[in-house]
1. Return one quarter of the surface area of the convex hull spanned by the alpha-carbon atoms of the chain, equal to its mean projected area, in nm².
2. Using θ = phi - 60° and the Karplus relation 6.51 cos²θ - 1.76 cosθ + 1.60, list the HN-Hα couplings for segment 210-218 in order, rounded to whole Hz, with x at every Gly or Pro.
3. Filter the GluC sites (Glu not before Pro) in segment 183-279 to those in DSSP coil with at most 14 other Cβ atoms within 10 Å of their Cβ, and list the result.
4. Explain nothing, just compute: Karplus ³J(HN,Hα) = 6.51 cos²θ - 1.76 cosθ + 1.60, θ = phi - 60°, for every residue of segment 357-368 in order, whole Hz, x for Gly and Pro.
5. Hey, what's the Kirkwood Rh for segment 113-179 if you take every pair of different alpha carbons, in angstrom?
6. Along the three principal axes, how long is segment 18-82 when you take its alpha carbons, biggest first, rounded to the nearest angstrom?
7. Ordered by packing density, taken as the mean number of other Cβ atoms within 10 Å over each peptide's residues, highest first, how do 300-309, 211-220, 25-34, 173-182 rank?
8. May I ask you to evaluate 6.51 cos²θ - 1.76 cosθ + 1.60, the Karplus curve with θ = phi - 60°, for each residue of segment 261-273 and list the ³J(HN,Hα) values in order in whole Hz, giving x for glycine and proline?
Amino acid sequence: MNKPKPRKSVRPARARAPLAGVRIIDFTRILAGPFGSMFLGDMGAEVIKVEEPAKGDDTRGWPPFVGGEATYFLAVNRSKKSLTVNMKAPEGQAILRKLIAKADVVLENFRPGTMERLGFGYEALGALNPRLVYCSISGFGESGPEASRPGYDLIVQGESGVMDLTGFPDGPPVKVGNSIADLVSGMAAAQGVTLALLARERTGRGQKVEIGMLDVMASLLTYQAGLYWNAGGQPKRRGNQHPSIVPYEVFRARDAYLTLGVANNSLWEKTCRALEQPDLARDPRFDTDANRVANRDALIPLLNEVFGTRPVDEWLARLEEAGVPAGKIKTVPEVCESPHLKARGMVVKLPHPKAGEITVMGVPIRLWNTPGAAATPPPLLGQHTDEILTRLLRIPKAKVVRLRAAGVV
């Protein structure tokens, strides 16, 4: 009897991007908000970035520049249109209200109370457009005794406990190498907006999405907070060490650093074989997970001595063959030139009208049937103002010329 042939996995024909047809009015600037709205734009949303005339997002002025454009701004503002409007001018406010009435989402990251003072708080805009999803990002949230505090990434990293855990035991607290509080808060905002849009499909009404950067960063403490709450422990800076797994840290080979993750006894035995150190596997100090944690100070110097005898690539080949998780600590240039990331579509080149061809990181969320894409370059300041005012809001061109002369747009 012939066996049936296995069925091949066939991807259905691609549909539109998942957020196609969703219009977002983006009042955010700097990093947290723009990072979140960029991903919403990558997933097909029409993101209209509202900027101050003649100035724009603060990061447009931050060096270094390429073709007169700030590389910081270019990194987090693709997939958007730029509309310049003076939010404080009565005619500018009228334009924004007309625009928001046609929108699905408003995204802002001003200090709590700022949008309310301008007449653009959630209560006012929700009355104008009951289906509106309104996402607010702030440092410390909109309630609690510290709600009024300004929150920058560095401040929130310190206040969240993450800096207390980062660095070596005999050194000072250290911030994460990139702006992690801004970035994870932007991701949380994008997730919150998407969830609120899903809920709107069921209820027919929008809602407010509130993101406090401190809340988001504190949520990352996970098992470290659990150690304190549930085991009476005091989490401490451990450098590259893990509190519950050994060896799970950085080692130095002859020519470079590598990481090694040995999370169970099976992997430990494989590691010892790859290192040609069978005696370590049988050593009673190291033969169980708990024993390796208890005797970390004896084990790590032994492993560093072994790793120092050969170049990193040789060790990585041996460990990979043995099935042990390990990796080289790569420089940023090495990551940016990674053949693997390029094959995954994570290195994308976009044509820019002033900066020429620019390179950006691609979309990390891969939807097989309705994928997003980093398709359009970051906009020039006010690049889409005329298009939005005349085509979307039907404002006559002569009036747009007058508004521009008056500094309203």
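The values are calculated or read from the model by the stated rules, or taken from the named source; none is laboratory data. Everything quoted here is computed from the prediction, not taken from an experiment. Positions of Cβ are backbone-derived with ideal geometry, glycine not excepted, and every protein chain shown enters the neighbour counts. Just the protein is used for accessible areas: all its heavy atoms, side chains included, with ligands, DNA and RNA removed. Shrake-Rupley method; radii C 1.70, N 1.55, O 1.52, S 1.80 Å.
1. On the way: hull surface 113.0 nm².
Directional mean of the projected Cα hull area for the chain stands at 28.2 nm².
2. 3J(HN,Hα) across segment 210-218, in whole Hz: 10, 10, x, 4, 5, 4, 5, 5, 4.
3. Values: sites: E201, E210, E249, E269, E276; in loops: E276.
Those that pass, being in a loop and sparsely packed, are E276.
4. In residue order, the calculated couplings are 6, 10, 10, 9, 6, x, 8, x, 9, 9, 9, 5 Hz.
5. Numbers: mean 1/r = 0.0686 Å⁻¹.
Computed over segment 113-179, the radius equals 14.6 Å.
6. 34, 20, 20
7. On the way: 300-309: 14.9, 211-220: 21.1, 25-34: 25.4, 173-182: 17.6.
Put in order of decreasing packing, that is 25-34, 211-220, 173-182, 300-309.
8. x, 10, 9, 7, 5, 4, 5, 4, 5, 5, 4, 4, 5
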